Each structure stands twice: as structure tokens, then as C-alpha cells.
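Written out below as C-alpha cells is the structure these notes cover.
The values are calculated or read from the model by the stated rules, or taken from the named source; none is laboratory data. All figures in this text were calculated on a predicted structure; none of them were measured in a lab. Cβ placement follows ideal geometry from the backbone for every residue including glycine, while neighbour counts extend to all protein chains displayed.
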Amino acid sequence: MDIKQFDLGEIDFGDLFENYTNNYDGYNIDSDTLPCTSVMNESINAALAVIYSLVCFLAVIGNVIVMIVLLYNRRAITSTDIYLLHLAVADLLFAVTLPFWAVDAVSGWVFGDAMCKIISMLQEVNFYSGILLLACISIDRYLSIVYATQSHKHKGPFIIKLVCAAVWLLAIVLSLPVLYKGEYTPPGPNRQICYEILDGESAKTWRVTTRFLRHFIGFLIPLAAMVFCYSVTIQKLCQTKGFRKHKAMKVIIVVVLAFLICWFPHNITVFIDTLMRSKLIAETCDIRSRIDRALIGTQSLGFLHSCINPIIYGFIGVKFRNHLVKLLVTKGIMKQSNDSRYMRSVSSSSTVM
């Protein structure tokens, strides 16, 4: 329902803002007054706008380069490369939403109710598709290394495309509850915000339930799959003499660790917020203030992830750098290096990373 259709005189703002959380605009809670009132911190808002703009710039450039390199070498592309390509697409789609959040941090939400839903949806889809694709990569590496003799059965192009399609579909379905977000002007700050509005106790109960599903289906289960697969895979690699042949695992593991470092704190903070909304944890203005600040900080860390993977590929992925150099030389952008071994090593790689 469009919030503009509401009669503001009929809304119980005390109840509406009982669990007030704004993840983007830098609002904090004044614990000296009851009910809790929101106070806007302009310095935090300005810092967020700068961070979002910088991350957007780096993410767009980095992920476009990753996509170009992967597609340029598509004849030798592996199943892992396909998953990484989809991961780059997800990060790129998310990066284009950051300018909206940068403007929102400074001026409030000025893009309308529909864009509030669309931009929030893209953010959620990026989170879910990211962790699901990383889980797929862990399973793929597990099957390829632990069950090496059967790996060819799991790497058909059709199967990989089908898995990727399923990941995107599941990510979209899990993100649908965010459509409850809408544009409105809260009491106090003279600015509109993009915020999740739940009208009635049944809606609140349903939203808390979907939040718990988010934690389990969209984070804990994929995380458990990654921990299991990589634990067994690394143990298997350490027992084989051909460990050097699997150097690409180093890049994949760093990619997974980067995702966890960026998104795990925010997921824990959202989980605590979910417990508060479900009345399983007592809530005071001071606690709400701390949670709101934690949501802002941890979400900014999560946003940073969209530009991290290309940096990892560039600094750790030797084969990726080789393919990038080969592409630049082929297109005449840079001169060929005198070190021919550097260029020949590209052809010996089983994966772009």
C-alpha cells in the first residue's frame, strides 16, 4: 500500500516508531526522552555519502573489468568462473544503487515510493545471490577435488546455468518481503525516508517470521555448506602431492572470507534487531540507539563488499592478472612484456582465478 494513502491522523506514531530503525540516514535515538525520538547526525550522513560514492566508483569499474576478462576467455571458462561471473553481475547491479543511498544520506529519500522498493529489492537480491553463489562455488570445488573422478558429471554447461538461474530465482523470492518498504516523512526530521512500514500486528508477526527465514535460508545454511565443503576440501588438498595445482583455491577461500567479514557483522546485528522486534529481547531507547548505530556501521561494511572481489582477483589471483594482461596486449592497450613465461602461464591455468 502506498503510504501517501494513509490518513496520518489515524496512525499511532508511538507504536509505529516503537521499533524505529533507519539503516541509511544516520538517525540515532535520544535516550533521554520517552517515547524514543530520532536525532539526525549530519556528519554521519555526509561520511556515508562519501563512502557510498567511492564504493560505487570502485565497484562499477572493478566488476566490469572482471566480467570482460571472464567473457573474453569464455572458451576456457570453468564452472567456478561462471559462478564468479554471476557474482560480479550481482555486485554490479548493487553498485548502481549506491548513488541513490548517497543522495538519501544527505537529502533524504527524494526518488519516490516505487524507487524505494526497487532499490531496496536490488540490495537484498545482491546479498542473497552473493552468499548462495559462494555456497555453489564451495560445493563445486568440493565435488571437483574430493570426488575428482566424478567431477565431469557435475560441470555440464546446462547444469551450471540451471543452478545459477535457481540461485537468482531464490534470491528474488527471499527478497520479496522488502517490498513493504515505502516513502514517508516521520515525525521530527523534516525529510522523507525509505523505510519498512508494517500496518498491524499480523503484518509485524509475518515480517519477523520472514526475517528468521532470512537468517536461516539466506545465511546460516549456505554458511554451514561452505564451512563443511571447504574443511573437507582443504583436508583433501593437504593430503595430495599435487597441492600446487589447486592454487586457485586460495583466491576462492579469500573471496569467501571477504564476504563473511563484510556481511557477518550486519547479519548478526539484524538478527538482534529481529529478536527485539519479536519481543524476545527487552528494548529501551538506549539499546535501540546502539542497534541503530550498529545497523548503519555494519551495513556500510556490507556495501563495501561490492568492490572487494575485483581487488582480491587483482592482488591474489595470478591467473586473473595474466588474462587481464593478455587482453590488454591483444587490444593494443599495453605492450607485451619481455617476460614470455608470464604470458605463457595463462594457458596452463584451469581457471581464470
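Here is how the numbers come out for the structure above:
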item: Residue match in the range 111-119 (condition: outside any helix (DSSP H, G or I), surrounded by 14 or more Cβ atoms within 10 Å (Cβ to Cβ), on the phi < 0 side of the Ramachandran plot and at pLDDT 80 or above); result: yes
item: Residues of the range 90-105 satisfying the condition of being surrounded by fewer than 18 Cβ atoms within 10 Å (Cβ to Cβ) and either of a type in the set (Lys, Arg) or assigned to a helix (DSSP H, G or I) (or both); result: 93, 99, 103
item: Test: residue in the range 91-106 that is within 25 Å of residue 217 (Cα to Cα) and among the polar types (S, T, N, Q); result: yes
item: Residues within the range 102-121 that are of a type in the set (S, T, N, Q) and touching a Gly at 6+ places or on another chain (Cβ under 9 Å), tallied; result: 0
item: Per-region count, the range 306-327, residues of a type in the set (A, V, I, L, M, F, W, C) and within 12 Å of residue 66 (Cα to Cα); result: 7
item: Some residue of the range 237-252 being modelled with pLDDT of 80 or more and of a type in the set (Val, Ile, Thr); result: no
item: Residue in the range 313-323 that is loosely packed, with under 15 Cβ neighbours inside 10 Å, under 29 Å from residue 102 (Cα atoms) and modelled with pLDDT under 80 present; result: yes
item: Residue within the range 126-147 that is outside any helix (DSSP H, G or I) and not aliphatic (A, V, I, L, M) present; result: yes
item: The range 280-304 residues that are among the aromatic types (Phe, Trp, Tyr), paired with ones that are part of a helix (DSSP H, G or I) and surrounded by 19 or more Cβ atoms within 10 Å (Cβ to Cβ) (beta carbon under 6 Å, 6 or more apart); result: 303/55
item: Filtered residues of the range 174-185 (kept if at pLDDT below 75 and either in contact with a His (Cβ under 9 Å, 6 or more places away or on another chain) or surrounded by fewer than 19 Cβ atoms within 10 Å (Cβ to Cβ) (or both)); result: 185
item: Residues satisfying the stated conditions in the range 44-88, i.e. modelled with pLDDT under 90, in contact with a Ser or Thr (Cβ under 7 Å, 6 or more places away or on another chain) and closer than 28 Å to residue 136 by Cα; result: 78, 80, 81
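Results for (1) at positive phi; (2) surrounded by fewer than 17 Cβ atoms within 10 Å (Cβ to Cβ); (3) touching a Lys or Arg at 6+ places or on another chain (Cβ under 8 Å), shown as yes or no for each residue.
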site: 220; (1), (2), (3): no, yes, no
site: 224; (1), (2), (3): no, yes, no
site: 270; (1), (2), (3): no, no, yes
site: 290; (1), (2), (3): no, yes, no
site: 306; (1), (2), (3): no, no, no
site: 309; (1), (2), (3): no, no, no
